[in-house]
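Inspection log for the structure reproduced underneath, given as C-alpha cells.
Derivation of every value follows stated rules applied to the coordinates shown; laboratory data play no part. For clarity, every value in this text was computed on a predicted model and none was experimentally measured. Don't worry about glycine lacking a Cβ; one is built from the backbone with ideal geometry, like all the others, and counts go over all protein chains shown.
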Amino acid sequence: MSSINTGIEWCDRTWNPTTGCDKVSPGCTHCYAEALTKRFHTNFPNGFDLTLHRNRLEEPKRWKKPSRIFVNSMSDLFHEEVPIDFLKEVFDVMRETPWHIYQILTKRHEGLREIADQLDWHDNIWMGVSVENQNYVNRIDCLRQVPAQVRFLSCEPLLGNLELDLKDIHWVIVGGESGVKHRPIQPEWVENIKQQCEDAKVAFFFKQWGGRTPKAAGRLLDEKIWDEMPEAWDKHQSSA
Ligand code: SF4
C-alpha cells in the first residue's frame, strides 16, 4: 500500500515494501497496521503475516515529486523475517532516489543495531525508534549507534511519563493513542517531553492528543501547533 493521503502529519506518503508484523511491546496492542489489514483483508492475502513485496521496490523511482516517505506504515522493516539482502535492496532504492526523504521507524532496536553497519546510510535516510513508555528508552541507545543523518523518536502512543537521554537525537514526535480502546495520554507527560526537547535543542513535533478518532481532541499544545522538523529538513528543501 502506498498513499499520498497518509493522515500522518509528519510525512507526505508511505511506501510498504513489506507488510505484516508481530507484536513486540505495549505500543503494539492496538496496532493500526493490523487493524487496517483486517479491514481491507482482500488486499492482504497473507493477512498480517510478514510478507515481502518485491514488486513495490521500484515505486519511489516513479514518484518524481520530492516527498517525505514513511517506510513501512504497515510493517516493521527490521522485522527478524526480513532477509538482509532484501533490506539492502530497499536501501539501494533510497540511495538512488535522493530527491526524497525516507523516514524509517522500528521497535526492533536490537536487530537494527546488529545490522546497521551492513547498510548504506545515505543522507536522505532518517531512522527512528518508538518509545512508548520508560521501559523502552533503551531503544534510544541502539539508535544512537546508527549512522543516520537524522535520528528520531516516535513517542506514540505515549503511555507514560518519559525521562529521555536526547544526546545525538534530532527529532521527537509525540502523540496520543486513538480508537475506541485508546489509552489516555496525560498533558504533563507531553509538557515534560517538550521541555526536555527545548533544553536539548531537539525539534519537537506534537502529532495529536488522540481519543476515539485521531483528530478528536486536536493537536494544540499551549494553544499552539508544534510541528518542528529537524534542521536537515530545511537543508534538504533548500537544496531541492
Ligand atoms: S511493530 Fe509496529 S507494525 Fe509491528 S505490530 Fe507493533 S505497532 Fe504493529
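With respect to W171, determine if the residue is closer than 16 Å to V202 by Cβ and away from the ligand (no atom under 16 Å from the Cβ). Considered against the rule, which asks whether it is closer than 16 Å to V202 by Cβ and away from the ligand (no atom under 16 Å from the Cβ), W171 comes out as yes. Close Cβ contacts (under 6 Å, 6 or more residues apart or on different chains) running from residues in region 173-198 that are more than 14 Å from E163 (Cβ to Cβ) to residues that are of a type in the set (S, T, N, Q) and in a strand (DSSP E or B) comprise I173/S154; G175/Q208. How do the pairs read when you match residues in region 45-60 that are within 12 Å of M74 (Cα to Cα) with residues anywhere that are in a helix (DSSP H, G or I) and β-branched (V, I, T), using Cβ under 8 Å and keeping only pairs 6 or more apart or on different chains? Taking only residues 6 or more apart or on different chains, the pairs are G47/T37; F48/T37. Annotation: of all residues in region 128-148 being under 14 Å from the mean Cα position of the chain (by Cα) and outside any loop (DSSP other than H, G, I, E, B), the one that is nearest to V190 (Cα to Cα) is S130.
Scan region 11-31 for residues that are near the ligand (Cβ under 9 Å from one of its atoms) and either free of Cβ contacts under 8 Å to residues at least 40 places away in the same chain or in contact with a Pro (Cβ under 9 Å, 6 or more places away or on another chain) (or both) and report the count. Qualifying residue count for the region: 5. Between L36, L105, the distinction of being within 12 Å of the ligand (Cβ to nearest atom) and in contact (Cβ under 8 Å) with a residue 40 or more places away in the chain belongs to L105 only.
Is there a residue in region 47-66 that is outside any helix (DSSP H, G or I) and near the ligand (Cβ under 10 Å from one of its atoms)? Yes, that holds for at least one residue.
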